[in-house]
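What follows is calculated from the coordinates using simple rules that are stated; it is not laboratory data. All of these numbers come straight from a predicted model, not from anything done at the bench. A quick note on method: Cβ atoms are made from the backbone with ideal geometry, for glycine too, and the neighbour counts reach across all protein chains shown.
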Amino acid sequence: MKEEKQVASKTKLTLQLQKNGGLWTNIEQFEEFRENGPECVYREALITQIQFRKVVLGCGTIPKNLFFQSKQGKPFTISELENNLKEILKLSMEVTEVVEKRLTYKDVETRHANVLNLKQELNKEISENRQKVMIGQQKEMLPELLLNP
């Protein structure tokens, strides 16, 4: 039930995001959207961008207060939402840069060789486990067969 709600929420946010021009990755994109649309739609788009990052992308390293839409029951102004989104974008880019520095890319041949090696190791392990099971079964059955051939 909980998973179904999460999937429905993520799907709804994704559809809203697509309707509003996709995921904004820089300030120019939401400034362009602001210039081309009405203010109420822009506000909704800002909230969708922020919520998408919170719910779907799961930006756990970003302070939770940046994802809020109101304070003490009073909705944030568009400029406050913009500032929060700018800060989220800035922090996301910092995290992305750190993660990219830790990533190493391997060519296709290396990956293929690694997959083949893993398959061979797993097949060997499976064969050894099957052998152990057969030995265990033989140990159990042998005394009975000797008594009742």
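What is the P(r) of the chain, as percent of Cα-Cα pairs per 5 Å bin from 0?
1, 7, 12, 12, 11, 8, 7, 7, 6, 5, 5, 5, 4, 3, 3, 2, 1, 1, 0
Do you know the relative contact order of region 1-83, to the nearest whole percent, from alpha carbon pairs under 8 angstrom that are 6+ apart?
Computed over region 1-83, the figure is 30 percent.
Set the Förster distance to 41 Å, then compute FRET efficiency between residue 114 and residue 72 from the Cβ-Cβ distance, nearest 0.05.
With R0 = 41 Å, the Cβ-Cβ based efficiency is 0.15.
In whole percent, what relative contact order does the chain give with Cα contacts below 8 Å and a gap of six or more residues?
Answer for the chain is 19 percent.
For the chain, what is the mean residue ellipticity at 222 nm derived from helices alone (per DSSP H run of n ≥ 4: -39500 (n - 2.57); sum divided by total residues; nearest 500 deg cm²/dmol)?
-26000 deg cm²/dmol
Report the calculated FRET efficiency for residue 133 and residue 104 (r = Cβ-Cβ distance, R0 = 35 Å), to the nearest 0.05.
Result of the calculation: an efficiency of 0.35.
Among 108, 41, which comes first, then next, by fewest other beta-carbon atoms within 10 Å? Each step should come with its number before you reach the end.
Values: 108 7, 41 14.
Least crowded to most crowded, the residues run 108, 41.
Hey, can you rank 17-29, 128-140 by average C-beta count inside 10 Å, highest first?
17-29, 128-140
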